[in-house]
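The values are calculated or read from the model by the stated rules, or taken from the named source; none is laboratory data. Computed from a predicted structure; not experimentally measured. Cβ placement follows ideal geometry from the backbone for every residue including glycine, while neighbour counts extend to all protein chains displayed. To get the accessible areas, we keep the full protein, side chains included, count just its heavy atoms, and leave off ligands, DNA and RNA. Shrake-Rupley method; radii C 1.70, N 1.55, O 1.52, S 1.80 Å.
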Amino acid sequence: MLIKPSGVQRGLVGHILSRFESRGLKIVGLKMMQIDEALAREHYRDHVDKHFFDMLLQRITKSHVVAIVFEGSNVIQNVRTMMGATNPSQAGPGTIRGDLANSASLNLVHGSDSPESAAREIALFFADTELHNYERALDEWLVLEE
Ligand code: UDP
Ligand code: MG
């Protein structure tokens, strides 16, 4: 997932990360960077024909982002549920966008929407050496597959 420039500029990096960490998602990659236009175009290539594409490129490149790779069971769905609907006016209370944002173009976070897009996006943002494989002692209390 990405904490977008709106989240970085509003000083919400710690708060947003903390929500995911408290939920038990495991951080396996984490970096701050500024996305250039080429990377933005590649990242959002499925939206190239949308009316909001130019605004999207402008917003995502305007300042820095924090890119995070989480691991966990049902991680893609969990992250998207916690993010809330794209348009914050439709995002439920308790979600990041529902609690903290009020505009779709400044909706604070990006989350991959499928395993395929997650794999593609992770490869765009992270080298293999930046992804970490480690055990957490608490996992036996957080991740119990029934
Ligand atoms: N977006 C927008 N206006 C819209 C739809 C989307 O500004 O009407 C922006 C918004 O910032 C969103 C991003 O484009 O997060 C990507 O859109 P997508 O439909 O993939 O939403 P997401 O997966 O981020 O919820
Ligand atoms: Mg999307």
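If you roll a 1.4 angstrom probe over the protein chains with everything in place, what fraction of the accessible area of the chain belongs to carbon and sulfur, to the nearest %?
Carbon and sulfur: 51 percent of the exposed surface of the chain.
With θ set to phi - 60° and the Karplus curve 6.51 cos²θ - 1.76 cosθ + 1.60, what are the ³J(HN,Hα) couplings of segment 99-108 in order, to the nearest whole Hz, using x for Gly and Pro?
Running phi through 6.51 cos²θ - 1.76 cosθ + 1.60 with θ = phi - 60° gives 8, 10, 10, 9, 8, 4, 7, 10, 9, 6 Hz.
As a test of the formula, what do you get for the chain when each DSSP H run with n ≥ 4 contributes -39,500 (n - 2.57) and the sum is divided by the residue count, at 222 nm and rounded to the nearest 500 deg cm²/dmol?
One gets -11000 deg cm²/dmol as the mean residue ellipticity at 222 nm.
Where the only charges are on Cβ atoms (+1 Lys, Arg; -1 Asp, Glu), what is the dipole of the chain about its Cα centre, to the nearest 20 debye?
For the chain, the charge dipole is close to 680 debye.
Rolling a 1.4 Å sphere over the protein heavy atoms, what is the accessible area per residue of segment 21-130, to the nearest Å²?
55 Å²
Over the chain, what is the mean sequence separation of C-alpha contacts under 8 Å (at least six apart), divided by residue count, expressed as relative contact order in percent?
30 percent
Provide the net charge surrounding residue 121, with neighbours chosen by a C-beta distance below 14 Å and charges set as Lys +1, Arg +1, Asp -1, Glu -1.
My count for the surroundings of residue 121 gives +1.
Please report the net charge: other residues with Cβ closer than 12 Å to the Cβ of residue 131, K and R +1, D and E -1.
Counting the neighbours of residue 131, the net charge comes to -1.
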